[in-house]
Amino acid sequence: MISVEGLTVEFGVKPLFSDVSFVINERDRIALVGKNGAGKSTMLKILCGLQKPTGGMVSVPSDTTIGYLPQVMNLQDDTTVIDETRKAFAGVTRMKERVDALNRELAERTDYESEGYLKLVERFTAEHERYMMLGAENCEAEMERTLMGLGFARTDFGRPTSEFSGGWRMRIELAKILLEKPDVLLLDEPTNHLDIESIQWLEQFLAQSAKAVVLVSHDRAFINNVTNRTLEISCGKVVDYKVKYDEYVVLRKERREQQLRAYENQQKEIADMKEFIERFRYKPTKAVQVQSRIKQLAKIVPIEVDEVDNSAMHLKFPPCLRSGDYPVICDEVRKDYGGHTVFDHVTLTIKRGEKVAFVGKNGEGKSTLVKCIMGEIPFTGTLKIGHNVQIGYFAQNQAQLLDESLTVFDTIDSVARGEIRLRIKNILGAFMFGGEASDKKVRVLSGGERSRLAMIRLLLEPVNLLILDEPTNHLDMQSKDVLKEAIKAFDGTAIIVSHDREFLDGLVTKVYEFGEGRVREHLGGIYDFLRTRNVGSLDALGQQSAGKAAEQARPEQAAKAQEPARQDYAERKEAQKRIRKAEKAVQESEASIGRMEARLKELDGILCQPENASDMELITEYTSIKKELDAEVERWERLSEELEAIAAG
């Protein structure tokens, strides 16, 4: 689909890329990886044509469409959510206008036997068929499914986009790109503004519906679940690994060990040659051998070793006073904004030393409860902060509170104490402020750089209660590992608001789920919580069956407890049988839809060729399959509703 040959990009003396070649094929799911500054975002811009390379070629077929989601983009604020999303179907809208215009012209003309009228009929037929092939009748349903999958509620559709934060508006842009169904999707950090449920929905969408994907992400779980190929940018080259990220990490380690052995052997060979040359340089009897060694030495191509930061970077929070046994206690806490209740009846206790996660869709109150704990906003109910609690709070706006007149180094030096001051350069390097970047003034830093700097400051302050609101959004994998290790070693208590499953895994032992105005406690790690959510409906089904059986049991039948139990088991078995039968019907319908859509796509390609545009046999077949597809979609919807009804008991 896209072919890259001999790509070279130069911004200074040292090329960013040199002689890079690879091909993006249909159904490829590619993770583009490399250290910060290696050129991942630049590569995406080149692939979509926004940036020109210094040399080489990027070949994209004329009929291949590309969708590109950058990390930062200019957003429009003059329309509603649904109207902005509808712009994804601008081509369909223009085609509908052409079809309507042709239809009006046909209605107005009366020269039915003329050659011009017959040509007009052919044009109308071809345009109308193409319009139907694009699935134009399902546009509204697709928009609704995509927006809701990305976390919007139906009540949000009519709201102006200006009422939403930048993160939510980026979701609208992502929805538009997905709805355009491009042949190649280029996504630069798509999960930064998504919650866990939306990330899981996007994973499924990319796995099932996208044609080809190239993505840059620091969310390890996301790229592992989506990708099947890894392109690593290292030493100005691109190394192609035909495996997902976790397997790539293993292969990369093996590759680097081989490089190191080859490098060491080459260095030994070079040293031996130089020693021979120096020893016999002035001996006439060895002149021929010396000249031979000099020529061999000049021909040696130095072996490059992949760039890896091997510095063992470990951070530890400075010691602090021991807090009380219960740093945070909430009892019947409620928060309202006007007539809208964010949450109610919040009752929870966080013990000293616990690491807990706040998860849930955006807008369900995670950050709001954090602000209540911080005392930044009023609420009703009782919220107690324990004895000797010293809070370290990281939120997105923390970055705006930095002193813009200081350099990066001075910002950290002002809070560092003791021997940690000797390691400031190493700490800054671990968070992507190595080299000259440490001398930058805060005022010239980007929003992401400021967030990272504020995170480093927090890591060096003596606190015993950490509250981190989306701390990993602007961190690469190495920086996230440094932060995660520091929190795991932290003696105090931590509350972490995050959508990054890999970051939370092994870090938290309790999860608080925010949703529908309630806060529910789940014991265990983040994957324990996700597994519980996935089987929750089956558990509920079993509980409902058991509850009904219990209600029907009479006190005088207690002695015959085994008989109702057998009946209850039989009922559950029969219910599971009905569910399996309904699921099979839905799957068969989906397979049938897939076959018909594939044939329609094939016919679309054939009919787009000028010599086939008026082939009535093909047009008749296309129209017939389209009708069958519409009927099958309706059947699928009915079967899906029946499956949901059976599963709900």
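The values are calculated or read from the model by the stated rules, or taken from the named source; none is laboratory data. Treat the numbers as computed from the prediction; the structure is a model and nothing was measured. Cβ: placed from backbone, ideal geometry, glycine included. Neighbour counts: every protein chain shown. Please note that ligands, DNA and RNA were not included when accessible areas were found on the heavy atoms of the full protein model with its side chains. Shrake-Rupley method; radii C 1.70, N 1.55, O 1.52, S 1.80 Å.
What is the one condition in (1) open to solvent by less than 70 Å² (accessible area, probe 1.4 Å); (2) at pLDDT below 85; (3) of a type in the set (Val, Ile, Thr) that Val72 does not satisfy?
The number of the failed condition is (1).
Is there any pair with a first residue in the stretch 429-458 that is over 16 Å from Ala395 (Cα atoms) and a second that is aromatic (Phe, Trp, Tyr) and modelled with pLDDT of 75 or more whose Cβ atoms are under 7 Å apart and which are 6 or more apart or on different chains, and what are they?
Hits for this filter: Ser438/Phe409; Asp439/Phe409.
Counting just the residues of the stretch 404-425 that are surrounded by fewer than 16 Cβ atoms within 10 Å (Cβ to Cβ) and within 32 Å of the chain's Cα centre (by Cα), which one comes out farthest from Phe317 (Cα to Cα)?
Among residues in the stretch 404-425 that are surrounded by fewer than 16 Cβ atoms within 10 Å (Cβ to Cβ) and within 32 Å of the chain's Cα centre (by Cα), the one farthest from Phe317 (Cα to Cα) is Glu404.
So, of the residues in the stretch 201-216 that are open to solvent by 10 Å² or more (accessible area, probe 1.4 Å), at pLDDT 85 or above and out of contact with any Gly (no Cβ under 6 Å at 6 or more places or on another chain), which turns out to be nearest to Gly34 (Cα to Cα)?
Among those that are open to solvent by 10 Å² or more (accessible area, probe 1.4 Å), at pLDDT 85 or above and out of contact with any Gly (no Cβ under 6 Å at 6 or more places or on another chain), it is Glu203.
Could you tell me which numbered condition Leu106 fails, if it satisfies all but one of (1) open to solvent by less than 30 Å² (accessible area, probe 1.4 Å); (2) closer than 30 Å to Pro61 by Cα; (3) of a type in the set (A, V, I, L, M)?
Result: Leu106 passes all but (2).
Among the numbered criteria (1) out of contact with any Ser or Thr (no Cβ under 8 Å at 6 or more places or on another chain); (2) in a helix (DSSP H, G or I); (3) over 30 Å from Ala591 (Cα atoms), which single criterion is violated by Ala221?
In the conditions (1) out of contact with any Ser or Thr (no Cβ under 8 Å at 6 or more places or on another chain); (2) in a helix (DSSP H, G or I); (3) over 30 Å from Ala591 (Cα atoms), Ala221 misses (3) alone.
Any idea how many residues of the stretch 151-189 are charged (D, E, K, R), assigned to a loop (DSSP other than H, G, I, E, B) and closer than 15 Å to Thr85 by Cα?
Total meeting the criteria: 3.
Tally the residues that are open to solvent by less than 30 Å² (accessible area, probe 1.4 Å), closer than 22 Å to Gln204 by Cβ and not in a helix (DSSP H, G or I), restricting the search to the stretch 224-235.
3
Starting from residues that are in contact with a His (Cβ under 7 Å, 6 or more places away or on another chain) and among the acidic types (Asp, Glu), keep the ones in the stretch 466-486 and report whichever is surrounded by the fewest Cβ atoms within 10 Å (Cβ to Cβ). Walk me through how you get there before you give the answer.
Initially, the stretch 466-486 is screened for residues in contact with a His (Cβ under 7 Å, 6 or more places away or on another chain), giving 475-477, 480, 485.
The next check asks that each one be among the acidic types (Asp, Glu); those that pass are 476, 485.
Values: Asp476: 17, Glu485: 15.
That would be Glu485.
Considering each of Gln609, Gln587 in turn, give the residue that is more than 22 Å from Ser209 (Cβ to Cβ) and either out of contact with any Pro (no Cβ under 6 Å at 6 or more places or on another chain) or at pLDDT 75 or above (or both).
Working: Gln587 fails: more than 22 Å from Ser209 (Cβ to Cβ).
Going through Gln609, Gln587 in turn, the sole match is Gln609.
Quick one: Ile329 ticks every box in (1) open to solvent by 70 Å² or more (accessible area, probe 1.4 Å); (2) closer than 25 Å to Asp528 by Cβ; (3) of a type outside the set (Ser, Thr, Tyr); (4) without any contact (Cβ under 8 Å) to a residue 60 or more places away in the chain except a single one, so which number is it?
Among (1) open to solvent by 70 Å² or more (accessible area, probe 1.4 Å); (2) closer than 25 Å to Asp528 by Cβ; (3) of a type outside the set (Ser, Thr, Tyr); (4) without any contact (Cβ under 8 Å) to a residue 60 or more places away in the chain, the lone unmet condition for Ile329 is (1).
Search the stretch 263-277 for residues that are closer than 15 Å to Val290 by Cα and pair each with any residue that is β-branched (Val, Ile, Thr) and in a helix (DSSP H, G or I) when their beta-carbon atoms are under 7 Å apart and the residues are at least 6 apart or on different chains.
Pairs found: Ile277/Val290; Ile277/Ile294.
When you scan the stretch 525-542, do you find a residue that is open to solvent by 10 Å² or more (accessible area, probe 1.4 Å), within 26 Å of Leu460 (Cβ to Cβ), at pLDDT 85 or above and of a type outside the set (Lys, Arg), even just one?
No, there is no match, as no residue in the stretch 525-542 is open to solvent by 10 Å² or more (accessible area, probe 1.4 Å), within 26 Å of Leu460 (Cβ to Cβ), at pLDDT 85 or above and of a type outside the set (Lys, Arg).
Checking the conditions here, which among Asp156, Asp219, Asp195 is touching a Gly at 6+ places or on another chain (Cβ under 7 Å), within 30 Å of Thr532 (Cβ to Cβ), open to solvent by less than 50 Å² (accessible area, probe 1.4 Å) and not polar (S, T, N, Q)? Show your work before the answer.
Working: Asp156 fails: touching a Gly at 6+ places or on another chain (Cβ under 7 Å); Asp219 fails: touching a Gly at 6+ places or on another chain (Cβ under 7 Å).
None of the other options fit; the residue is Asp195.
At pLDDT 90 or above, surrounded by fewer than 21 Cβ atoms within 10 Å (Cβ to Cβ) and either touching a Pro at 6+ places or on another chain (Cβ under 9 Å) or not aliphatic (A, V, I, L, M) (or both): which single residue out of Gly363, Gly381 fits that description?
Residue meeting the stated conditions: Gly381.
Can you name the condition, by its number, that Glu232 falls short on among (1) touching a strand residue (DSSP E or B) at 6+ places or on another chain (Cβ under 9 Å); (2) acidic (Asp, Glu); (3) modelled with pLDDT under 85?
Every listed condition holds for Glu232 apart from (3).
Looking only at the stretch 236-258, decide whether some residue is touching a strand residue (DSSP E or B) at 6+ places or on another chain (Cβ under 8 Å), buried (at least 18 other Cβ atoms within 10 Å of the Cβ) and among the aliphatic types (A, V, I, L, M).
Applying the first criterion (touching a strand residue (DSSP E or B) at 6+ places or on another chain (Cβ under 8 Å)) to the stretch 236-258 yields 236-245, 247-248, 251-252, 255.
Within this subset, residues satisfying the condition of being buried (at least 18 other Cβ atoms within 10 Å of the Cβ) are 236, 238-239, 241, 244-245, 248, 252.
Keeping just the survivors that are among the aliphatic types (A, V, I, L, M) gives 238-239.
Within the stretch 236-258, one or more residues are touching a strand residue (DSSP E or B) at 6+ places or on another chain (Cβ under 8 Å), buried (at least 18 other Cβ atoms within 10 Å of the Cβ) and among the aliphatic types (A, V, I, L, M).
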